[in-house]
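The next block holds one structure in the form of structure tokens; read it before the comments.
The values are calculated or read from the model by the stated rules, or taken from the named source; none is laboratory data. Predicted model only: the values in this text are computed from it and were never measured. In this analysis, Cβ positions are derived from the backbone assuming ideal geometry, glycine residues included, and neighbour counts consider all displayed protein chains.
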């Protein structure tokens, strides 16, 4: 799978860029050709599904423009992301307002811009949608398990199945199009089997609503398809196969249309972060490990290292020389700004202040997470090539 | 203690401001008079200590200017914070570069600006300081326990005692002024007794160095003095008393000069955040709790709710009416953006979309933590009055 190979071996284009001249660090570089390659892998791996790129993974304008050119649709988390998509050339009818939590004014604005597809998971949100986006297509997000996900999504989104049935009936009664069901098995989901439970639950909602004469038309399979960081993950085709098997099992007679919302799987492997070693130190005279401090950390774009959840792959300019165990931390005065202390990482013993370190597969959920000015440091800079 | 009373009862000035006109939410308002009152409480509570305000807690220009006018000194986490302090009117000789992890170029720049007081905890950093800030005063940060802290600082900063002794001797040999020892007992430290262990450890380093004919002149007692959030905390005078008792015990004959670095205790209670309810929902038909979604969350300035560490106090415009258990979450599509799910919070049963909610004591570690644009949302706005 393209997205995986590029992770372990950054593209020639990115290598050339970093080699071409001095760059201030930290700097995130995005190779738009990898964005395109990942899009094609997923699109061709699941041709029956409408691909809605999860904008929050990486909303950089050139990324959105490239995806518009490829025919992508877009899953937006806020009205601001909707505006970004439109400015990048997307048709409003190709945008889903996928956040189940929306301010009334933002729903109104999205509807006026031409968006007519909205997520919800509660009676309160349905009331807003009926009033401010009348006649729109709505899909209800259901709760599901997040087992196997490196970045679980907790109980924040979704509702129980019997409630989903009630709400969809209510949506219909309110003049909205009771369009479909969505779920999310958790981000960086390493187990393709997790869609089976969710689809079995979805099928129950479909059949209950059919009994009430409401025919749903769509299943939103969500995101969760993983990127290749330090550890191996299944190829996208394994997810496609597992999902297809579950669809055959639960929807054999009447296949609904499908939406998928990959974000990480499209953007992560397209990005490489160049950072610099600020300090290598030890905590005691007979220390068994060194601490390596980089000029980027948890508040500079690597928020997903929280609880050491996402395990990035690092490269240094001295790779190949003898190495030893390290803890890796960021440059701020905050004790939480430690990337890895429990996970055993190794780096060259001759790593020194000023050496460059590259962090692969940092194209997703990095730049926009970075703090606006914590400890006085600027947010992460991004450059698309 | 002033800082505590204002937390539970926002100042008339803040109330007037919010009542005066419509404001977009979320918005953080800082009452500079509370900054000043908190400064005076701490200054008069420990008159022997030099007060270095921890800029990272809240680096807003008007906050820094007010503190300059009051005669505060400053603890800076980066060269950018040093520049901010100077632009706010601080003398470079009143600024401590308190981060033990500094880029060589940043040390050079700070030294050129006139800063001559630096923290370190490793041989690598000492080399940089000797070369780029020759003759400066340096203090070595030692490891200490963080028991009792709501926001512990882990093992990221500091070194073991025997190493501190070696490093200070080395500092002296390198032509630096071996000035003192620092430690940090953990942020939002609720146990005044925690300074005792740290001071006993500090005394050991002092005496070992004395044997090697190096007389240290200063103890940096760090920060950690708590703010009053939802739960009661000891008054500052209890910290001052406990520290004084430990100083008498360990440094009776030859009292060194003292530095303290309060940040949270000065800035937190000065801030009130005005936010808006985006949605109130339930997850099941027979739910025992509601979910309240605000337009600010973990990525919009409330990062310290991570693991529900800091427990903020909330007020709503309907307080007093019957209330029930709620989970509280932010507006983004990220499942991690949940403020409180385990901690039992209650809010009025008639709380509705669009209602205003105020979060007290949000003046510290909020605005600068906020993400630059996660999910397309703008960073938190701040207004000082």
Check on residue A:378, in a loop (DSSP other than H, G, I, E, B), within 14 Å of chain B (Cβ to nearest Cβ), within 21 Å of residue A:24 (Cβ to Cβ) and without any contact (Cβ under 8 Å) to a residue 40 or more places away in the chain: yes
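Could we say that residue A:279 is closer than 30 Å to residue B:120 by Cα, at pLDDT 95 or above and either in the same structural domain as residue A:150 (by TED's automatic domain parsing) or touching a strand residue (DSSP E or B) at 6+ places or on another chain (Cβ under 7 Å) (or both) here?
When the stated conditions are applied, residue A:279 passes them.
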Considering (1) surrounded by 16 or more Cβ atoms within 10 Å (Cβ to Cβ); (2) under 22 Å from the mean Cα position of the chain (by Cα), say which one residue A:293 fails and leave the rest. (2)
Among strands (runs of 3 or more DSSP E) entirely within the range B:231-303, at least 2 residues that are at the interface with chain A (Cβ under 10 Å from one of its Cβ atoms) occur in B:271-281, B:290-294
Could you tell me whether any residue of the range A:212-235 is on the phi > 0 side of the Ramachandran plot, in the same structural domain as residue A:72 (by TED's automatic domain parsing) and within 17 Å of the chain's Cα centre (by Cα)? yes
Given the structure, is residue B:182 within 27 Å of residue B:267 (Cβ to Cβ) and either over 26 Å from the mean Cα position of the chain (by Cα) or crowded, with 24+ Cβ neighbours inside 10 Å (or both)? yes
Kindly indicate whether any position in the range B:167-174 is within 25 Å of residue B:270 (Cβ to Cβ) and either in the same structural domain as residue B:76 (by TED's automatic domain parsing) or over 15 Å from the mean Cα position of the chain (by Cα) (or both). no
Residue B:323 meets each of (1) over 15 Å from residue B:289 (Cα atoms); (2) more than 14 Å from every other protein chain (Cβ to nearest Cβ) with one exception, condition (1)
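One line per residue, one yes/no per condition, for (1) touching a helix residue (DSSP H, G or I) at 6+ places or on another chain (Cβ under 9 Å); (2) modelled with pLDDT under 95; (3) surrounded by 24 or more Cβ atoms within 10 Å (Cβ to Cβ):
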residue	(1), (2), (3)
B:32	yes, no, no
B:36	yes, no, no
B:43	no, no, no
B:55	yes, no, yes
B:63	yes, no, yes
B:66	yes, no, no
B:76	yes, no, yes
B:86	yes, no, no
B:104	yes, no, no
Limited to the range A:354-370, what total is found for residues that are in contact with a helix residue (DSSP H, G or I) (Cβ under 6 Å, 6 or more places away or on another chain) and either surrounded by fewer than 17 Cβ atoms within 10 Å (Cβ to Cβ) or facing chain B (nearest Cβ under 8 Å) (or both)? 2
Against the conditions (1) in contact with a strand residue (DSSP E or B) (Cβ under 7 Å, 6 or more places away or on another chain); (2) in a helix (DSSP H, G or I); (3) within 14 Å of another protein chain (Cβ to nearest Cβ), where does residue A:83 fall short? Just the number, please. (1)
Among (1) at the interface with chain B (Cβ under 7 Å from one of its Cβ atoms); (2) surrounded by fewer than 24 Cβ atoms within 10 Å (Cβ to Cβ); (3) in contact with a strand residue (DSSP E or B) (Cβ under 9 Å, 6 or more places away or on another chain), there is one condition residue A:373 misses while meeting the rest; what is its number? (3)
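So that you can scan it fast, the table gives a plain yes or no per residue for (1) assigned to a helix (DSSP H, G or I); (2) modelled with pLDDT of 95 or more:
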site: A:131; (1), (2): yes, yes
site: A:135; (1), (2): no, yes
site: A:144; (1), (2): no, no
site: A:150; (1), (2): no, no
site: A:153; (1), (2): no, no
site: A:163; (1), (2): yes, yes
site: A:175; (1), (2): no, yes
site: A:179; (1), (2): no, yes
site: A:215; (1), (2): no, yes
Out of B:98, B:148, which single residue is within 18 Å of the chain's Cα centre (by Cα), more than 8 Å from chain A (Cβ to nearest Cβ) and under 23 Å from residue B:264 (Cα atoms)? B:148
Are any residues in the range A:142-151 free of Cβ contacts under 8 Å to residues at least 60 places away in the same chain and either in contact with a strand residue (DSSP E or B) (Cβ under 7 Å, 6 or more places away or on another chain) or surrounded by 19 or more Cβ atoms within 10 Å (Cβ to Cβ) (or both), and if so, which ones? A:143, A:144, A:146, A:148
